[in-house]
Amino acid sequence: MKKVVVLGGSGFVGTQVCTAFTRAGWQVTVPSRARAHAGHLLALPSLSVLEVDVHDEQALCDTLAGHDAVVNLVAILHGSKQAFEKVHVALPQKIVRACLAARIGQVVHLSALGVDAVQPESAPSMYLRSKGQGEVVLMQAAGSGAGAAFALTILRPSVIFGAGDKFLNVFARLQKVLPVMPLAGAEARFQPVWVQDVASAVLRSLKLANLGAPKVFELCGPQVFTLRELVQLAAQFSGIRGGRGRPVIALPRWLGYVQAVLMELAPGEPLMSRDNLDSMRIDNVASGNVPGLSHLGLAAASLAPIASAYLGRK
Ligand SMILES: NC(=O)c1ccc[n+]([C@@H]2O[C@H](COP(=O)([O-])OP(=O)(O)OC[C@H]3O[C@@H](n4cnc5c(N)ncnc54)[C@H](OP(=O)(O)O)[C@@H]3O)[C@@H](O)[C@H]2O)c1
């Protein structure tokens, strides 16, 4: 039985990735900062959860020992420059050293659409810049050709939808309570991809992986939507105001930043940060320069039938 460590396995994507691995007969190890975060995974067969601080390099090395592959899904969406660097750059550096020590043969890393691994600094947000630097760390360590240290696949998804997402579900929830939807970045464009397609892509990457140059795939759905359209679809699918939803008030950039500052000051995870707005300065759609899901033998699912089912149930 092949063994994989799924870093960030307790999260939204991780849950589907772990489910896909266990169905395919893999033995899965999920390190988590707190066992309670991964409690919902414990029912899966051949999966174990370990309480581990993945930033502790020795603990990470111990966790990886004896496994064939590593999937890295650990990321944050909000935080300081230092926090982004710790999670998106320093952690991949530790993963690389731990993989080399444990002789891991295959690594799959979830990055994000909009990342530029040639010039990471050119990206518009701390999130995208640090994600780009993380890709560079992994690509340089993996190497290529006969001297390759491990087979590396980098997957860059657009925004990911599915039951339990923090995206269409949030738009639906907000429209239940607000009289209007004040929306920053209303015309920003996205190409949402289904979480099950992302999970299938992770599994497929490991099946196809070989020691060549690192492989990069952009994971996008079949359709492009503006943020305004996605907000309206969330209302339509969840039947808010008979499916008409709330009037969307597109905020000018400066007012969007004011809204983001207020959200950052509120307790808990902000719904939107200034850095998120910076990420939306570039479209979140396939570049066309990088292979996609079809190159992994997968047909991307459409948003409407799936999202209407899980939003409609609510
Ligand atoms: N969701 C999307 O729309 C989207 C779009 C593009 C790219 N992605 C990428 O896809 C990957 C998975 O995203 P996701 O939506 O599944 O994220 P998620 O639900 O937030 O899960 C991330 C996991 O990482 C761990 N984690 C979070 N912060 C951490 C920290 N500071 N130190 C150590 N571990 C930490 C958490 O595990 P524990 O709490 O168990 O430790 C968490 O379950 C990420 O690389 C993300 O950038 C996601």
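The values are calculated or read from the model by the stated rules, or taken from the named source; none is laboratory data. Because the structure is predicted, anything quoted here is derived from the model rather than measured. Cβ sites come from the backbone with ideal geometry, for glycine too, and all protein chains shown count toward neighbours.
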A careful count of residues in the range 68-105 that are buried (at least 22 other Cβ atoms within 10 Å of the Cβ) and more than 19 Å from the chain's Cα centre (by Cα) gives 3
Give me a count of the residues in the range 102-119 that are of a type in the set (S, T, N, Q) and within 16 Å of the ligand (Cβ to nearest atom).
1
Give the range 1-36 a look and list any residue that's surrounded by fewer than 16 Cβ atoms within 10 Å (Cβ to Cβ) and within 15 Å of the ligand (Cβ to nearest atom), or say none.
Arg33, Ala34, Arg35, Ala36
Out of all the residues in the range 145-153, is one or more under 23 Å from Val13 (Cβ atoms), modelled with pLDDT of 95 or more, within 16 Å of the ligand (Cβ to nearest atom) and part of a loop (DSSP other than H, G, I, E, B)?
no
Cross-chain or 6+ apart pairs with Cβ under 6 Å, the range 119-131 first and surrounded by fewer than 18 Cβ atoms within 10 Å (Cβ to Cβ), then outside any helix (DSSP H, G or I):
Ser122/Asp116; Pro124/Arg281; Pro124/Ile282
Taking Ala250, is it small (Gly, Ala, Ser), modelled with pLDDT of 95 or more and within 27 Å of Gly79 (Cα to Cα)?
yes
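So that you can scan it fast, the table gives a plain yes or no per residue for (1) outside the structural domain of Gly185 (by TED's automatic domain parsing); (2) closer than 21 Å to Ser130 by Cβ:
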{"site": "Gly245", "(1), (2)": "no, no"}
{"site": "Leu251", "(1), (2)": "no, no"}
{"site": "Tyr257", "(1), (2)": "no, yes"}
{"site": "Leu262", "(1), (2)": "no, no"}
{"site": "Leu265", "(1), (2)": "no, no"}
{"site": "Gly268", "(1), (2)": "no, no"}
{"site": "Val290", "(1), (2)": "yes, yes"}
{"site": "Ala307", "(1), (2)": "no, no"}
Within the range 69-83, can you find the residues that are within 6 Å of the ligand (Cβ to nearest atom) and touching a Ser or Thr at 6+ places or on another chain (Cβ under 6 Å)?
none
Search the range 154-168 for residues being in a loop (DSSP other than H, G, I, E, B) and crowded, with 19+ Cβ neighbours inside 10 Å, and hand back the single one that is farthest from the ligand (Cβ to nearest atom).
Gly162
The condition of being among the hydroxyl-bearing types (Ser, Thr, Tyr) and touching a Phe, Trp or Tyr at 6+ places or on another chain (Cβ under 8 Å) holds, among Ser238, Ser200, Ser205, only for Ser205
